[in-house]
Structures are given as structure tokens and as C-alpha cells.
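For reference, the structure is listed below as C-alpha cells.
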Amino acid sequence: MAVYRLNTFSNIEMIAEGVRNGERRALARAITLVESARADHREKAQALLANLAGHQKQSIRIGLSGTPGVGKSTFIECFGTTMTEQGHRLAVLAVDPSSTVTGGSILGDKTRMDTLARNPAAFIRPSPSGGSLGGVARRTRETIALCEAAGFDLVIVETVGVGQSEIAVSRMTDIFLLLLAPAGGDELQGVKRGIMEIADLIVVNKADGDLKAAAQRTRSDYAAALRLMRRRDGDTQGFPQAVTASAIEGNGITEVAVLIAQLAESRRASGYLARQRQEQAVTWLQNALETRLQDVFEQAIPKDVTDRINTAVRQGELLPEAGAERLIDLYREAMRTR
Ligand SMILES: Nc1nc2c(ncn2[C@@H]2O[C@H](COP(=O)(O)OP(=O)(O)OP(=O)(O)O)[C@@H](O)[C@H]2O)c(=O)[nH]1
Ligand SMILES: [Mg+2]
């Protein structure tokens, strides 16, 4: 077996080959590399990704969101096991903005995805900690590409329901699942409209025991709300839709798998899936460009100069647009005299 030296990524070719062969250690190394913020690592990560481009398997990327405690881990454990029994290879990744504080919640979670964590057809990766949502999103996109190159044909990107991160996840996945708990009252749990709009499938979990009736009521409330949402281009009849499930008892999970397969198939056949991925690639390009321009800009203009302009704008001595204009002038000047 190939040996991957700790702390060095000297042999990109070797890591790439390992990833292509589906070796978990190589994949783990590769992910560590794309997660690194070091400039030399970034360069190597780009070389690695370029080396692996075009080697991805045909895949389905599923975004999964739900508030803490709704049963995401339990659901993934059950759903993931079902999928691997059907012959899929599953990667589970997380986008968790709160991990800047907690250091990655999915990590402790491996224990709650016990069966899956030991399943050779599954790969669970804790969320990269630290950095902006943009940075985390970039690393997650690259990790998706690596997992697909390693032969995983099903990728779940999990996120805790805190608004912005769902949008980021929906921009890197094909199908979006929202997990909800049975509601006590008659209100729609304060789920934001924006999140309802990106959901393809709402799963009301914990439809068991005393909660079963409440789960069914919650499901029909959401089904009614979803009927008001616009269907996405090229989708089969019936999406978005709401179903109930019990991740603990395993009820409704096969049904969810069937619905996802149907939706994926119809989106593939209609060309929607390919178009959506193309649009996502362009969005990614724009994000990458903005991040890089920001870097280039910060390197070109000394910090004390930016600080002075910030202060002037804060104190009302300079209008924001005029401040921007001045910074652009300084940037152009710096480029000319370089
Ligand atoms: N009754 C019932 N309880 C469930 C079900 N699914 C999960 N739970 C319980 O709900 C609690 C939280 O489940 P998790 O799977 O850890 O939830 P999570 O969404 O991953 O939570 P975070 O990782 O903290 O965001 C646990 O005590 C589970 O046993 C279900 O289908 N029915
Ligand atoms: Mg969890």
C-alpha cells in the first residue's frame, strides 16, 4: 500500500492516483490539502483538482438541512445504509458555519452514524472548521469533486439550519432535502420562505409513537405551503413535496430514496441537472473571482491607507462612493508603478 507522508504533499501524482483508485487514505490526504489555506498548498490543491478533473463518476449531490436535533445524523445513518445496500457509494460532508466555534459538530457525530462510519462503501468527513462561509463553501465544493473522483456516486452535504448556509449548499448540490420535526402548534415552525423555495423534498421526521399524528398534520401543512411554490423547470409532477419518516424506526426512508431517484432521473432526462451544474460552475467562478480580487486589492494597497479611508467614511468626511473611487485610483496607481 502506498504511504502518504505526513505534512508533505510533495507527490501530487501519487495522491491523485490513490484517489482515483478509491483509496481512503489518499482521499483523506487530498481533502486535507484542499482545506489548507497555505498559498503553496492552494497551488498544489489546484494541480491535484486539475489532475482529477474529468475522472468523476456520474453522481447525485444531495443537500440536507435541518435544525439541531431534528434527526439529521439518524436520518443519514439510516438513509445512507439503505443506499449502500443498493450498491451506491456514499460520501457525507458538512457545511457548518458554527464549527468556527465548536470545531466541527459532525465529528462527535460519527458516533451517531456508527454503522455508516464503519461501512466501507461510505465516507464521512467532518466539516472544515474556521473561515468565512465563502471559504468553507469553496473547500466543500472541492471536497465534493475529490469524493466523486474517488468513486463516490452519492454525496450528501449536511448543514445546520441557519439560513445562509442552506443557500450555499443548494448552490453546490442537485437536490435539496429539508428535515423538519413534527410541529406542536399550527404555525409553520418559522421556516424561512427562502428555504422553502429551495427545498425539493420536505421530510417530517420523528413520525413515530406519540409524535406520529403531529407529524402527519405537519406534513399536510407543509404540503399545502409547497403547493404555492413554483415548480422548478423540467421537474416531474409532484415536486416539491412533503413526506413523513421515522429515521429511528426506519419507516419512510426507502420511500425517500425512491423519490430522490425519481427526481434525479427526471432532472437528468430533461437536461435540468446538467444546466443547473453549469450555472453553479459560473456562480463558483464569480465567487472565486471576487475572493481573489479582494486578495489582490489588499496586497496592492497598504492597510494604513485603507484604514484612513475607512475612518474618513465612518466620520462622514468622505462619501462611501468617493472613498471607493479613491481606493480604485490608488489601486490603479499601484499597478502602474509596479
Ligand atoms: N422519536 C424519534 N426520535 C428521533 C428520530 N430521529 C432522531 N431522533 C432523536 O433525536 C435526537 C437528535 O437526533 P440527531 O440525529 O442527533 O439529530 P441532528 O439533527 O443530527 O442533531 P445535530 O447534529 O445536533 O444538529 C436523538 O436523540 C435521536 O435519537 C426519529 O425518527 N424518531
Ligand atoms: Mg447531527
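Each reported figure results from applying straightforward, stated rules to the coordinates on display, with no laboratory input. Keep in mind the model is a prediction, meaning the values are calculated, not measured. For neighbour counting, all protein chains shown are included, and Cβ atoms are generated from backbone atoms with ideal geometry for every residue, glycine included.
Key figures for this structure:
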{"quantity": "Fluctuation leader among VAL157, VAL203, VAL305 - the chain, Gaussian network, Cα springs under 10 angstrom", "calculated": "VAL305"}
{"quantity": "Three-way shape label, region 236-338, alpha-carbon gyration tensor, a/c 1.5", "calculated": "prolate"}
{"quantity": "Shape of the chain, Cα gyration tensor, a/c cut at 1.5", "calculated": "oblate"}
{"quantity": "Residues of type lysines that LYS192 reaches as a straight line, Cα spacing below 23 Å, ignoring anything fewer than 8 places off in the same chain", "calculated": "LYS72, LYS206"}
{"quantity": "Highest to lowest packing among 260-267, 273-280, 289-296, scored as the average C-beta count within 10 Å", "calculated": "260-267, 273-280, 289-296"}
{"quantity": "Net charge, ALA16 excluded, C-beta distance under 13 Å - Lys, Arg +1, Asp, Glu -1", "calculated": "0"}
{"quantity": "DSSP H segments from the chain that extend 15 Å or more along their own axis, Cα-based, with Kyte-Doolittle mean of 0.5 or above", "calculated": "253-270"}
{"quantity": "Projected label distance in nm at GLN46 and GLU255, using a 7 Å step from Cα toward the beta-carbon", "calculated": "4.9"}
{"quantity": "Length released on extending from ALA225 to GLU279, taking residue separation times 0.36 nm less the Cα-Cα span", "calculated": "16.7 nm"}
